[in-house]
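Only one structure is covered here, and it is reproduced in the block below.
The values are calculated or read from the model by the stated rules, or taken from the named source; none is laboratory data. The structure displayed is predicted, hence computed values, not measured ones. Here Cβ is always computed from backbone atoms with ideal geometry, including for glycine, and neighbour counts include all displayed protein chains. Ligands, DNA and RNA are excluded from the accessible area calculation, which covers all protein heavy atoms including side chains. Shrake-Rupley method; radii C 1.70, N 1.55, O 1.52, S 1.80 Å.
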Amino acid sequence: MITLVENKEIEKQYEYMEKVKQKVHGLKYFINTMGCKLNENDSEKISGMLTEMGYEETNSFENANLVVFNTCCIRENAEEKVFGKLGELKNIKAKNNMIICFAGCMSQEPHVIEKIKKSYSQVDIIFGTHNLYKFPEMLYNKLESQKKVFDVWDIDGEIFEGLPIKRDGSTSASVTIMNGCNNFCSYCIVPYTRGRERSRKPEDILKEISGLADEGYTEIMLLGQNVNSYNGGDGYNFANLLRDIDKIEGIKIVRFMSPHPKDFSDDVIDAIAECPSICKVIHLPLQSGSTAVLKAMNRRYTKEQYLELVDKIRNKIPNVSFTTDIIVGFPGETEEDFEDTLDVVSKVKFEQIFMFIYSVRKGTRAETMPNHISEDIKSERFNRLKALADKITEEENIKYIGTIQDVLVEGISKTNENMLTGRTRSNKVVNFKGDKDLTGKEVKVKIISEHVWHLKGEIV
Ligand code: SAH
Ligand code: SF4
Ligand code: F3S
């Protein structure tokens, strides 16, 4: 329930935005976003607030008077990069009279805050994932007092509606439908950084998407750590939400991530099958193909249950394809366990696999599990998985050659300015010659060759 108090809170933040605007003239901001699409969506909100406060966006640290690190701690390498960059900024901070803000998932980790307090005096403002909406107030206080403002909550923040948002894309927009996660997969830090699951109200989500359709957006990405446990109240579930979004005029493609295999109900499968706008590429995180490893990961499905789910979805949605996430080298993973993962990959033939080497996270259950895997074995397994995935991609791509595909044009190719780029309904990247005015339109393209990462074609 959105209470009056919460609206008042947002009203108060708008007042702070106005007060900052009075003080700020000709200043520039840069947001460094790491991590997942939820973080990207949060950055769009931070961007919206800064724009409202009179700041202008710039695309480099060097030109910025205010920098926000919107951080991720899902794996160790993401964390290391941030501290490196913070170190580099020490020199230009004085020159630009720069305010450095530290936000996102790393802010929710007590050991990170300690490290900043001890060794990174250049950081001016810290806020967490639960109190992002208070950023205008924190910035105002910093500008007024010149004192550091560190404010991180370890309780679940309420869902805030009505903040300004400055979106990155012009045809595709992300919409967060829920915050947090209740699953506690034993390797994962997210439940600790994002708190428990809280769903937005259906009417708020539908209103936002209708507004996006009115602004000309045609593609929507629904976001949450576990979207199929969305709970809109009074029995309104994720399938209801998909059906209602499908009815919104102007929205041509609806994607969502991530669903959890254990919560993939028949109702959701039916909704995907029945609704023309719902994308028939489903991201279905596997993590491991071994039942023993899945149990240790606390995923709550077996290898067989995962494969049965894939079959069930394929029977109901004939043109469906799958993408997935896989972790190699989870503690205790044996050669046989890893071969089970390869076996599932061979059977499902994923359209795309996001592969990760297990990275130990402080405070998670897997941290203290026995039999951590050596770096050598982890990278050897990673390479074997990648080789198999590449072979399957090539085999699957070859099947496209000679077919005619509906391709949604995204614009001029980043790697070749004479070509347009777009995606098939199954999310394959296709490059082809054509007029850039076709951007945002769907065209028919005949596929002529495959190049592992993309297909090449001709408009027919
Ligand atoms: N909620 C989503 C995923 C969020 S994180 C889901 O359940 O699928 C994105 C991916 O990062 C995960 O799917 C997992 O494959 C990977 N990941 C998470 N924690 C990790 C860790 N400690 N080491 C390596 N990869 C990890
Ligand atoms: Fe992490 Fe598991 Fe939650 Fe995904 S479902 S965010 S992997 S705990
Ligand atoms: Fe990273 Fe937080 Fe997303 S840890 S993956 S930014 S939810």
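In this structure, the amide hydrogen of ALA173, modeled 1.01 Å from its nitrogen in the peptide plane, lies closer than 5 angstrom to those of GLU219, ILE220, MET221, counting only residues at least 5 positions away or on a different chain. To put it simply, the accessible area of the chain at a 1.4 Å probe is 49 percent carbon and sulfur. With both labels modelled 7 Å from their Cα along Cα-to-Cβ, the GLU396 to ASP234 distance reads 4.1 nm. Two numbers describe the Cα atoms of the range 260-315: Rg and Dmax, which are 12.3, 38 Å. Taking the range 126-160 and a reference point 7 angstrom along Cα→Cβ of GLU367, the backbone N atoms nearer than 17 Å belong to 154. In a reduced charge model with +1 at each Lys and Arg Cβ and -1 at each Asp and Glu Cβ, the range 25-137 shows a dipole moment near 320 debye about its Cα centre.
Applying the Karplus relation 6.51 cos²θ - 1.76 cosθ + 1.60 with θ = phi - 60° to the range 251-263 yields 3J(HN,Hα) values of 8, 8, 10, 10, 10, 8, 7, 10, x, 9, x, 5, 9 Hz, where x marks Gly and Pro.
With θ taken as phi - 60° and the Karplus curve 6.51 cos²θ - 1.76 cosθ + 1.60 applied, the whole-hertz 3J(HN,Hα) list for the range 63-80 is 8, 8, 9, 9, 10, 10, 8, 9, 8, 10, 10, 5, 9, 5, 4, 5, 5, 4 Hz, x standing for glycine and proline. In whole Å, what is the distance between the alpha-carbon centres of the range 130-150 and the range 256-280? Cα centres, the range 130-150 to the range 256-280: 41 Å. One decimal place: the segment ASP406-VAL452 gains 14.6 nm when fully extended, by the rule 0.36 nm per residue minus the C-alpha distance. With the whole protein complex present, TYR29 retains an accessible surface near 0 Å², based on a 1.4 Å probe. Over all distinct Cα-Cα pairs of the chain, the Kirkwood formula returns a hydrodynamic radius of 23.8 Å. Restriction of the trypsin sites (Lys or Arg not before Pro) in the range 112-221 to DSSP coil positions whose beta-carbon has at most 10 other beta-carbons within 10 angstrom yields LYS147.
For the range 77-205, the relative contact order comes to 20 percent (Cα pairs under 8 Å, sequence separation of at least 6). In this label model, LYS312 and ASP151 are separated by 4.6 nm, measuring between points 7 Å along each Cα→Cβ vector.
Sorted largest first, the principal axis extents computed over the alpha-carbon atoms of the range 7-151 equal 39, 36, 27 Å. Looking at the chain, the DSSP beta bridges with both ends there are about 35 percent antiparallel.
Tilt of helix 202-214 relative to the longest C-alpha principal axis of the chain, in degrees (0 to 90, nearest 10)? The angle comes out near 90 degrees. Sparsely packed loop sites in the range 352-391 (the GluC sites (Glu not before Pro) outside DSSP H, G, I, E and B with at most 13 other Cβ atoms within 10 Å) do not occur. The stretch between GLU161 and THR334, if pulled fully straight at 0.36 nm per residue, gains 57.6 nm over its current Cα-Cα span.
Give a quick list of trypsin sites (Lys or Arg not before Pro) in the range 363-455 that DSSP marks as loop, anything other than H, G, I, E or B, with at most 16 other Cβ atoms within 10 Å.
Within the range 363-455, the qualifying trypsin sites (Lys or Arg not before Pro) (loop, at most 16 other Cβ atoms within 10 Å) are LYS399, LYS414, ARG425, LYS433, LYS441.
Counting 0.36 nm for each residue step from LYS436 to GLU375 and taking away their Cα separation leaves a gain of 17.3 nm. Paramagnetic label reach from ARG196 (point 7 Å along Cα→Cβ; backbone nitrogen cut-off under 17 Å): within the range 262-298, no residues. Heavy-atom accessible surface of the range 7-151, averaged per residue, reaches 44 Å², computed with a 1.4 Å probe.
Using θ = phi - 60° in the Karplus curve 6.51 cos²θ - 1.76 cosθ + 1.60, the 3J(HN,Hα) couplings for the range 237-244 round to 10, 5, 5, 4, 4, 4, 5, 5 Hz; x is entered for Gly and Pro. Could you sort out which of LYS90/LYS378; LYS115/LYS378; LYS37/LYS362; LYS28/LYS247 sit more than 32 Å apart by Cα distance in this structure? Long pairs (Cα-Cα over 32 Å): LYS90/LYS378; LYS28/LYS247.
Each Cα pair under 8 Å and six or more residues apart adds its separation to the average, and for the chain the resulting relative contact order is 10 percent.
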